[in-house]
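Report on the structure given below.
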Amino acid sequence: MERSRRFAREWRSIGLAKRMKWRQEKGDGMVSLITAKIVEAFGENGLDVLSAAYEEKGEEDGSKIAESLNIERADLHSAVSVIEALCIIFGIDSNFKEEGGRMTLKLDACPFEYILTLYRESLCIYYVQGLVHAINPCVKVKIVKKICEGGDHCLFQFTLSSDENASDRVWSYA
């Protein structure tokens, strides 16, 4: 036990945690700057590019989480469980409710607060959409309430669409 305490004191004494936090903040600032410059230069087309990138990254992360958790079914509950796993990773309390073919997810904190500093209110939907589409592309995602727009929590609704072309138009804002 003493050995591990000594190790922790040594790392604290050289300020490694502060240095790593500075690097993380520097990286976050760079992403924000790049995002702002893309939108500034390309307007709506820039937001379209960023939206597609976040959805693609969401699908990639959703596939990795599904593989780690051995999720094989493509039902609504399985698709939403990928987001539940993400919330656990970020240490965010989540509350799922299933009612009549629809699932509702309430988050007490925003998982994108430190990742997306600019355009978070319009880009988080694409990442969430990508997460669930990794399991089932027919899941419709709707944001009912958002912390970044002044709410005390985020509220998402998920439903299955029977339309095979639903993946072209699955997101919406309330």
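Each value in this text was obtained by applying a stated rule to the coordinates, not by laboratory testing. What you are looking at is a predicted structure, and each value in this text was computed from that prediction instead of being measured. Cβ: placed from backbone, ideal geometry, glycine included. Neighbour counts: every protein chain shown.
Remark on residue 113: its backbone amide H falls under 5 Å from none of the residues 5 or more positions apart or on other chains, H modelled at 1.01 Å from N. Fully extending the segment from residue 57 to residue 98, taken as 0.36 nm per residue of separation minus the present Cα-Cα distance, adds 12.1 nm. Model label sites at residue 45 and residue 122, defined 7 Å from Cα along the beta-carbon direction, differ in position by 1.6 nm. The label-point distance for residue 106 and residue 37, in a model that sets each label 7 Å from Cα toward Cβ, rounds to 4.3 nm.
For each pair in 97/146; 57/97; 57/145, compute the distance between the two Cα atoms and list the pairs where it is over 21 Å.
Numbers: 97/146 17 Å; 57/97 26 Å; 57/145 23 Å.
57/97; 57/145, as the Cα separations exceed 21 Å there.
Can you tell me what percent of all Cα-Cα pairs in the stretch 70-150 are more than 20 Å apart? Distances greater than 20 Å cover 30 percent of the Cα pairs.
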